[in-house]
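S.K.: One structure, pasted below without further comment.
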Amino acid sequence: MRTIMAILLWCILFVLCWPLALIMIFVLPIVWLLLLPFRILGFSLEIVFKLIGTIFMFPFRVLGGK
């Protein structure tokens with residue numbers, strides 16, 4: 001559904017301002033590639049924090065905490 005909405009919005013932009021829509025086709029993949037390392041870093045940090053939280057909560061779970 002999100003992809004269909006994006007295509008529909010791009011078509012509307014293409015009708016209203018076609019040069020901007022064509023520039024967007026080339027610029028958005030480059031921006032996505034530039035932001036990819038930050039997404040990977042965020043995903044890695046989220047996993048590390050979950051692991052640390054699990055390690056600290058393990059003794060409480062063993063002792064019968066809910």
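Rule-based calculations on the coordinates, nothing more; no lab input. Please read all numbers here as calculations on a predicted model, not as lab measurements. When we count neighbours, we look across all protein chains shown, and the Cβ atoms used for this are built from the backbone with ideal geometry, even at glycine.
S.K.: Can you pull the one-decimal nm distance between simple spin-label points at PHE26 and SER44, each 7 Å off the Cα toward Cβ?
M.R.: Going by the 7 Å Cα→Cβ label model, 3.3 nm.
S.K.: Can you give the FRET efficiency to the nearest 0.05 for LEU35 and PHE58, using r as the Cβ-Cβ distance and R₀ = 30 Å?
M.R.: Rounded to the nearest 0.05, the efficiency is 0.30.
S.K.: Which entry in (1) 44, 24, 20; (2) 48, 26, 17; (3) 64, 25, 11 matches Cα extents along the principal axes in Å derived from the coordinates of this structure?
M.R.: (3)
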